[in-house]
Amino acid sequence: MALAVVRSLDAPRKLSTTQELEEFEQELVDQYLLASMGAGVCDGTLNGDRSVVFEFIQFLGRPVWTAQPADADRFLVYQRKDLGRARLTVQRKAWAIGHFFDFLIGRYQGDIHALTGCVVTQPIDEHNRPAKADYGTPRVPPSDEEVGHLFGQWRDSLERARKFRTAARDYLAASLWRRAGLRIQETYMLDMRDWRRDLGEYGKLHVRFGKGSRGRGPKTRLVPAINSVAELLDWWLVEVRHQFGDDWENPDAPLLPSERQDPHTGFCGRAGDQTLRDGLAEATQRWLPGWVSRLTPHTLRHYCASSLYARGMDLKAIQEVLGHSWLSTTTAYIHVQSEHVEHAWAVANDRIAARLIGLEG
């Protein structure tokens, strides 16, 4: 991404004309983008942030350092109500503006005050910052019984499938979402070398394309093959993978291949995002029709987190499995059954009663 030549903000000058004010404003934006680039933020995120900042400046109609929380309120309402932007889009715009103003306050509050007499205020505060893209609508996964029925029927149908190898591949991908909580990109970017049966008691998946924060590139992690993942991968490698081609012995070949050859590598091509989504959608249509269009790879990721928690895994361990940077993100993935609170209350009472009986004895 190309950036404009940036003058030093410490250069002595006065802001007396409209052009000088606009140039100073442009310098602030350029310095922000330069700092973000230095932090490793990718070009796509930089371009998006730049677009949002200038959209906010245009909406504001006056120098950006004069913005107040009420201005951000109007901007976000305009985005949601007048333009009809998606909730996730509004959330990202709010975050982009908030990051920009954090930068202004942290680095150039004194310079801005000296040149303009204005004290910069953070316009995205705890009152107007969108906490979640779903605005309180949780992505509640299916029940254990529903998921068990879907995958049981799917598994039993494989040997009768018209194209066994692709049906088995789609089943494996969905099983990784269900059992290991992988994201869809993390799944289709796995190579043969990424299944490390030699690591740990169960083996581990080397996820090389985990989601980095704010576009800072892939974040890697090792995911233990618990929850029957090791058995699934052993089945895949022994019974199915070689049916796609001879590249199954090459560590750089895709773990989940397509039926087509890659002309550049000579390996099987890599199964894509939409192909794996379509496999899940088709299975859902057949065996869990009540969840058509609602059961997505990400919903199964929520199911994985919820089921691991229900089986006694602590939140910190689930956070590591899912690859979240913040524990608060993991807690949003946990959806417990309605009787969970009542059950916990009963267990606590039983524990207290047992302690009192022990004291009396």
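The values are calculated or read from the model by the stated rules, or taken from the named source; none is laboratory data. Since the structure is predicted, the reported quantities are computational estimates derived from the model, not experimental observations. As a convention, Cβ positions derive from the backbone with ideal geometry for all residues, glycine included, and neighbour counts pool all protein chains shown.
Here residue 241 fits the description: surrounded by 15 or more Cβ atoms within 10 Å (Cβ to Cβ) and more than 29 Å from residue 142 (Cα to Cα).
Restricting attention to the range 163-198 and to residues that are of a type in the set (Lys, Arg) and assigned to a helix (DSSP H, G or I), the residue that is nearest to residue 146 (Cα to Cα) turns out to be 178.
Inspect the range 142-159 for any residue being modelled with pLDDT under 95 and closer than 25 Å to residue 96 by Cβ and give the result as yes or no. Within the range 142-159, none of the residues are modelled with pLDDT under 95 and closer than 25 Å to residue 96 by Cβ. Set side by side, the residues 336, 292 differ, and just one is farther than 29 Å from residue 206 by Cβ, at pLDDT 90 or above and exposed (fewer than 13 other Cβ atoms within 10 Å of the Cβ), which is 292. Just one of the listed residues (309, 303) is within 20 Å of residue 182 (Cβ to Cβ), over 19 Å from the mean Cα position of the chain (by Cα), assigned to a helix (DSSP H, G or I) and modelled with pLDDT of 90 or more, namely 309. Within the range 156-174, which residues are within 10 Å of residue 283 (Cβ to Cβ) and of a type outside the set (Asp, Glu)? Once the filter is applied, which keeps residues that are within 10 Å of residue 283 (Cβ to Cβ) and of a type outside the set (Asp, Glu), the range 156-174 yields 157, 167, 171, 174.
State which residue pairs qualify: first residue of a type in the set (Gly, Ala, Ser) and inside the range 265-288, second residue surrounded by fewer than 17 Cβ atoms within 10 Å (Cβ to Cβ) and not in a helix (DSSP H, G or I) in any location, beta carbons under 6 Å apart, and separation of 6 or more residues or different chains. What qualifies is 269/260; 269/262.
Scan the range 208-217 and tell me whether some residue there is within 29 Å of residue 142 (Cβ to Cβ), assigned to a loop (DSSP other than H, G, I, E, B) and modelled with pLDDT of 95 or more. Among the residues of the range 208-217, not one is within 29 Å of residue 142 (Cβ to Cβ), assigned to a loop (DSSP other than H, G, I, E, B) and modelled with pLDDT of 95 or more, which makes the answer no. Any residue at all in the range 115-134 that is of a type in the set (Val, Ile, Thr), touching a residue at least 60 places away in the same chain (Cβ under 8 Å), surrounded by fewer than 18 Cβ atoms within 10 Å (Cβ to Cβ) and over 30 Å from residue 234 (Cα atoms)? Checked against the condition, which is being of a type in the set (Val, Ile, Thr), touching a residue at least 60 places away in the same chain (Cβ under 8 Å), surrounded by fewer than 18 Cβ atoms within 10 Å (Cβ to Cβ) and over 30 Å from residue 234 (Cα atoms), the range 115-134 yields at least one hit. Across the range 48-69, the qualifying residues are those that are in a helix (DSSP H, G or I) and free of Cβ contacts under 8 Å to residues at least 24 places away in the same chain, and the one among them that is surrounded by the fewest Cβ atoms within 10 Å (Cβ to Cβ) is 58. Restricting 204, 316 to those that are without any contact (Cβ under 8 Å) to a residue 24 or more places away in the chain, over 19 Å from residue 145 (Cα atoms) and surrounded by 20 or more Cβ atoms within 10 Å (Cβ to Cβ) reduces the list to 204.
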